[in-house]
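Visitor: Sharing a structure with you now.
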Amino acid sequence: MSAYILPILFILLFIYCIYKRLNTYDHFVKGAKGAIKLVVDIFPFIASIMIAVALLRVSGITSWLTQLLSPIFNALGVPPELTELVLLRPFTGSGSYALLEDVLVTYGADSYISRCACVIMGCSETIFYVATVYFSQTKVKKLLYAIPVALLCSIVGTILACLLCRVI
Amino acid sequence: MMLASMLVLLIVNPSAMLSEMIGASTEALELCIELCAVYVVWLGFIELIDASGLSNKLAKLLRPLIKKIFKVDNSETERLIALNISANMLGVGNAATPMGIRAMQALDDKTGKANFAMIMLVVINATSIQLLPTTVIGLRASAGSENPADIILPTLIVTVTTTIIGILLVHGIEKLRKKIKGKKKE
């Protein structure tokens, strides 16, 4: 079902543009032109955050944090097997998806742990990445309470996800 | 954070530091090349949506909601936020990012501090409001799940709850800050 949504939307868009007598090709090219500049602008920010994450992982700080936080997460109803996933999720999209695949293979796709992991992944975002990229092209130096609020929501979401997976 | 991990690495494995950093930036470069290809497609489509006037219609549709949540009064900004949120709901975060960046630039008041609407946009994007977690369902299906889509309902409930909590929190904090500022002036 979901595989049809985007293609159908694309086709409808083109039909609508032709109906409006727009030169679709010219407009598409004009929009596409912005892609390279955008990527060049955000590249240094993406690279910096990825370097920071790599250092965190290879230095062993994440696994140390995982051990430290597991009991706390467990008390909140989050399976300790998922601590690393929850910790890495705000930093890296590709890294956390790789962890999700590990979890799915290790515990079986229909196990409680895997379902929790899937819901956690589906309802959270790479907060630090999003904040870095979104603020990167502005003059903002002080993010104020943006990250704490986002993280808090994410934690609430994680706890709620594990709770719901027990019931549904 | 970076300094702490560097210090630990100095003790644990000093030879790995430089190679890890370069490895990570190589990964970032690869990601950016991939993103560039994705953005070409999405920015092309978005230009069509803009030129055909569909984005204005979408913005009009979402305007009451956006006005209430973001407290902005500028049709250009409303349009960008509307596109960003719609792309997020469809689960195409890669199409949402360019619109989000443009919206942030439009919201920037050059004071060096994040303002209310900017924080709101980041929080809403960070709580993820997608209606269909397609990537997760795909991964689950390929791992041999019997019913890969049965996580849709819990995901939806959680995602809606956290987004509402995020919006309420940002509004609440903003009110508190105004109160404190008001008291200082007195």
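Just so it is clear, none of the values below were taken in a lab; they were calculated from the coordinates. Bear in mind that the values here come from a model prediction, so they are computed numbers and not experimental data. Cβ: placed from backbone, ideal geometry, glycine included. Neighbour counts: every protein chain shown.
Visitor: Among the candidates A:72, A:42, which residue alone is over 26 Å from residue B:140 (Cα atoms) and within 10 Å of another protein chain (Cβ to nearest Cβ)?
Guide: A:42
Visitor: To continue, here is another question. Please verify whether residue A:78 is more than 9 Å from chain B (Cβ to nearest Cβ), surrounded by 15 or more Cβ atoms within 10 Å (Cβ to Cβ) and not in a helix (DSSP H, G or I), treating the condition exactly as stated.
Guide: yes
Visitor: I'd like to know if the range A:100-113 contains one or more residues that are acidic (Asp, Glu), more than 9 Å from chain B (Cβ to nearest Cβ), more than 28 Å from residue B:120 (Cβ to Cβ) and crowded, with 19+ Cβ neighbours inside 10 Å.
Guide: No, because not a single residue in the range A:100-113 is acidic (Asp, Glu), more than 9 Å from chain B (Cβ to nearest Cβ), more than 28 Å from residue B:120 (Cβ to Cβ) and crowded, with 19+ Cβ neighbours inside 10 Å.
Visitor: State all residues of the range A:104-123 that are farther than 18 Å from residue A:159 by Cα and assigned to a helix (DSSP H, G or I); if no residue qualifies, say none.
Guide: A:104, A:105, A:106, A:107
Visitor: Within the range B:44-134, which helices (runs of 4 or more DSSP H) (wholly inside it) include 3 or more residues that are farther than 21 Å from residue B:173 by Cα?
Guide: Once the helices (runs of 4 or more DSSP H) in the range B:44-134 are filtered for at least 3 residues that are farther than 21 Å from residue B:173 by Cα, what remains is B:54-70, B:75-89, B:93-107.
Visitor: Something else: Sort through A:59, A:124 and tell me the only one that's facing chain B (nearest Cβ under 7 Å), under 22 Å from residue B:6 (Cβ atoms), buried (at least 22 other Cβ atoms within 10 Å of the Cβ) and among the polar types (S, T, N, Q).
Guide: A:59
Visitor: Sticking with this one: Return the residue satisfying two criteria in turn: it lies in the range B:41-53 and is β-branched (Val, Ile, Thr) and buried (at least 19 other Cβ atoms within 10 Å of the Cβ), and of such residues it is nearest to the chain's Cα centre (by Cα).
Guide: Among residues in the range B:41-53 that are β-branched (Val, Ile, Thr) and buried (at least 19 other Cβ atoms within 10 Å of the Cβ), the one nearest to the chain's Cα centre (by Cα) is B:46.
Visitor: Scan B:126, B:114 and give me the residue that is over 20 Å from residue A:162 (Cβ atoms), buried (at least 18 other Cβ atoms within 10 Å of the Cβ), of a type outside the set (Val, Ile, Thr) and within 7 Å of chain A (Cβ to nearest Cβ).
Guide: Step by step, each of B:126, B:114 is checked, and only B:114 is over 20 Å from residue A:162 (Cβ atoms), buried (at least 18 other Cβ atoms within 10 Å of the Cβ), of a type outside the set (Val, Ile, Thr) and within 7 Å of chain A (Cβ to nearest Cβ).
Visitor: Report, by residue number, each residue of the range A:128-139 that is closer than 16 Å to residue A:48 by Cβ and free of Cβ contacts under 8 Å to residues at least 60 places away in the same chain.
Guide: Within the range A:128-139, A:130, A:131, A:134, A:135 qualify.
Visitor: Does residue A:88 satisfy the criteria of being closer than 24 Å to residue B:97 by Cα and under 16 Å from the mean Cα position of the chain (by Cα)?
Guide: yes
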